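For reference, the structure discussed in these notes is given below.
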Ligand SMILES: CC(C)(COP(=O)(O)OP(=O)(O)OC[C@H]1O[C@@H](n2cnc3c(N)ncnc32)[C@H](O)[C@@H]1OP(=O)(O)O)[C@@H](O)C(=O)NCCC(=O)NCCS
């Protein structure tokens, strides 16, 4: 039976392995050894993992900046996809953001990732005509 819990240190290796499997081309700053300590320093209660038999099978990283909520690293192990795990993670993150007073969630999906877009549409998200811009402040 899968459950969603707040990340604990014993989940580290499982999250690293999951992200290596699901996001193999991610840049170094998105990898677990960088991103997890950064997240654990800010709103660690919004880093959630799905586990089954003590194995990490999914993640979501959320953040609330006082204006908008953001979601990152929504991922489910390929062997466990299409079983509702991603929806459990998303619902839990949305509830936690709403409890903080967050009125709107934003997220980015890589262009062309139709499966993920379908997943978010299923949960009420809409494509908004915006240009996504970013600037790195550190490498
Ligand atoms: C997106 C992702 C997290 C969905 O996780 P999941 O556990 O498979 O999702 P669910 O089982 O809860 O799916 C709920 C619904 O979303 C839609 N959906 C999910 N995956 C889909 C896919 N590959 N194609 C089309 N629709 C999909 C379906 O409507 C599905 O309901 P159904 O199975 O009854 O048809 C998972 O596919 C994933 O990890 N993808 C790779 C990582 C990634 O790119 N993440 C996004 C970063 S922004």
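If you scan the stretch 92-110, which residues turn out to be within 15 Å of the ligand (Cβ to nearest atom) and either touching a residue at least 40 places away in the same chain (Cβ under 8 Å) or not in a helix (DSSP H, G or I) (or both)? Of everything in the stretch 92-110, those that are within 15 Å of the ligand (Cβ to nearest atom) and either touching a residue at least 40 places away in the same chain (Cβ under 8 Å) or not in a helix (DSSP H, G or I) (or both) turn out to be 92, 93, 105, 106, 107, 108, 109, 110. Checked against the criteria, residue 13 does not count as on the phi > 0 side of the Ramachandran plot, more than 14 Å from the ligand (Cβ to nearest atom) and modelled with pLDDT of 95 or more.
Sort out which residues of the stretch 73-105 are closer than 26 Å to residue 2 by Cα and surrounded by fewer than 16 Cβ atoms within 10 Å (Cβ to Cβ), and write them in order of number. Steps first, answer last, please.
The first filter runs over the stretch 73-105 and keeps only residues closer than 26 Å to residue 2 by Cα, leaving 73-100, 105.
Those that are closer than 26 Å to residue 2 by Cα and surrounded by fewer than 16 Cβ atoms within 10 Å (Cβ to Cβ): 78, 79, 82, 83, 84, 87, 91, 95, 98, 99, 100.
Does residue 65 qualify as being touching a helix residue (DSSP H, G or I) at 6+ places or on another chain (Cβ under 8 Å), under 22 Å from residue 135 (Cα atoms) and surrounded by fewer than 16 Cβ atoms within 10 Å (Cβ to Cβ)? Taking the combined requirement at face value, the residue does not satisfy it. Might you check whether a residue that is modelled with pLDDT of 95 or more and in a loop (DSSP other than H, G, I, E, B) occurs anywhere in the stretch 111-124? Yes, there is a match, as at least one residue in the stretch 111-124 is modelled with pLDDT of 95 or more and in a loop (DSSP other than H, G, I, E, B). Does residue 79 satisfy the condition of being within 17 Å of residue 49 (Cβ to Cβ), near the ligand (Cβ under 7 Å from one of its atoms) and in a helix (DSSP H, G or I)? Judged against the criteria, residue 79 is not a match.
Go through the stretch 21-35 and give me each residue that's within 12 Å of the ligand (Cβ to nearest atom) and within 15 Å of the chain's Cα centre (by Cα).
Step one: of the stretch 21-35, the residues within 12 Å of the ligand (Cβ to nearest atom) are 21-26, 30.
Listed by number, the residues that qualify are 21, 22, 23, 26, 30.
Scanning the stretch 52-72 turns up at least one residue that is closer than 13 Å to residue 4 by Cβ, more than 14 Å from the chain's Cα centre (by Cα) and within 14 Å of the ligand (Cβ to nearest atom).
In summary, residue 89 fulfils each of the numbered conditions (1) more than 13 Å from the chain's Cα centre (by Cα); (2) within 11 Å of the ligand (Cβ to nearest atom); (3) outside any loop (DSSP other than H, G, I, E, B) with the single exception of condition (1).
When residue 22 is tested against (1) under 19 Å from residue 120 (Cα atoms); (2) crowded, with 20+ Cβ neighbours inside 10 Å, only condition (2) is not met.
The values are calculated or read from the model by the stated rules, or taken from the named source; none is laboratory data. Given the structure is predicted, the values throughout are model-derived calculations rather than measurements. All Cβ positions, glycine included, derive from the backbone under ideal geometry; neighbour counts span all protein chains shown.
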